[in-house]
Amino acid sequence: MSVRGLYAIYDRTTLADDALEAVAAVLAGGACWLQYRDKRATGPDAALLGELRALTRAYDARLIVNDDWRLAQAVAADGVHLGQSDGSLARARAALGEQAIIGISCSGSVERARAGIAEGASYVSFGRFFDSATKPDAPLADPAVLAQARTLGVPVVAIGGIDRDNAADIIAAGADLIAVSGALFHAADSGAAARALAALFQRAG
C-alpha cells in the first residue's frame with residue numbers, strides 16, 4: 001500500500017457537537033484518511049459513524065476506526081487503528097480480511113513496528129512528537145525514528161501535536177502521513193487548515 005497525505009483524527013471526545021460540517025470541510029480540503037476516535041463513557045455513536053462513512057465515501061477518503069476492530073467491521077469501515085492494549089492484530093487481520101487497513105501504534109520503537117508488520121499491519125504510527133491534547137501522556141518520540149521506519153516497506157504515520165507550524169519538519173523527517181486532530185477540528189476554518197497541511201506534501205514532492 002502506497003499513500004501520502006493528511007490523516008485527519010476526528011476525536012469525538014474533544015468536540016462539543018458532531019462537527020460534521022468541519023469533517024466535510026477537512027475532507028474537501030484534502031484529507032485522504034479520517035479516523036474516528038471516541039473515548040466517551042457513552043461509547044460509539046452508530047448514527048454518527050454512518051454519517052462519517054457516507055462523507056468519506058463522498059470524498060473518496062478512507063474511514064479508520066480507533067481501537068475496536070469489531071466496530072470497524074460492523075460499520076463497514078476501511079480499517080482499524082490498534083493501540084498497544086487493543087488486542088491481537090493478527091486476529092483483527094483475520095476478521096477484517098486482507099484488504100482492510102490496519103495500523104498499529106509504535107510510540108518510538110522500530111522493533112514494535114517490525115513486530116506489528118509481521119502480524120499483518122498495513123501501516124505503522126509513531127509519536128507523540130509535540131505537546132498533544134489527544135495524547136497528553138504519551139512519551140515523546142524522536143523524529144529520527146521516521147526515517148528509520150521507512151525501510152520497513154509500509155506507510156509511516158506521525159502523530160502528536162502536529163500543526164501547520166511543525167508539519168513540514170515532520171514530513172521532511174520521513175512521515176508518509178501526518179495524523180492531525182486539534183489543528184484541524186479546533187481551527188477557525190477547518191477546510192483552510194486541511195488545505196494548508198495537505199499542500200505541504202505537494203511541496204515536499
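The values are calculated or read from the model by the stated rules, or taken from the named source; none is laboratory data. As the structure is a computational prediction, the values presented were derived from the model and not from experiment. Neighbour counts are summed over all protein chains in view; Cβ atoms, including those assigned to glycine, are modelled from backbone coordinates with ideal geometry. Please note that ligands, DNA and RNA were not included when accessible areas were found on the heavy atoms of the full protein model with its side chains. Shrake-Rupley method; radii C 1.70, N 1.55, O 1.52, S 1.80 Å.
Secondary structure note: in the chain, about 0% of the DSSP beta bridges are antiparallel.
Label reach from Lys39 (point 7 Å along Cα→C-beta): in the stretch 127-169, amide nitrogens under 16 Å belong to 127-140, 159-162. Rounded to the nearest 0.05, the FRET efficiency derived from the C-beta distance between Ala199 and Arg91 at R0 = 30 Å is 0.20. Paramagnetic label reach from Arg150 (point 7 Å along Cα→Cβ; backbone nitrogen cut-off under 19 Å): within the stretch 91-110, residues 108-110. Within the chain, helices built from complete DSSP H runs that reach 20 Å or longer along their own axis (Cα positions) and carry a mean Kyte-Doolittle hydropathy of -0.5 or higher are 190-204. Stokes-Einstein, applied to the Kirkwood radius of the stretch 17-95 over Cα pairs at a viscosity of 0.890 mPa s and 25 °C, places its translational diffusion at 188 µm² s⁻¹.
Between Glu21 and Asp169, full extension at 0.36 nm per residue minus the direct alpha carbon distance yields a gain of 50.4 nm.
The label-point distance for Asp131 and Val110, in a model that sets each label 7 Å from Cα toward Cβ, rounds to 3.1 nm. Extension gain, Gln73 to Leu140: 0.36 nm times the residue separation minus the Cα-Cα distance gives 21.0 nm. For the chain, the carbon plus sulfur part of the accessible surface works out to 48%, probe radius 1.4 Å. Ranked by the mean number of other Cβ atoms within 10 Å of their residues, highest first, the peptides 93-101, 57-65, 31-39 fall in the order 31-39, 57-65, 93-101. Computed with a 1.4 Å probe on the full set of protein chains, the accessible area for His81 sits at about 10 Å².
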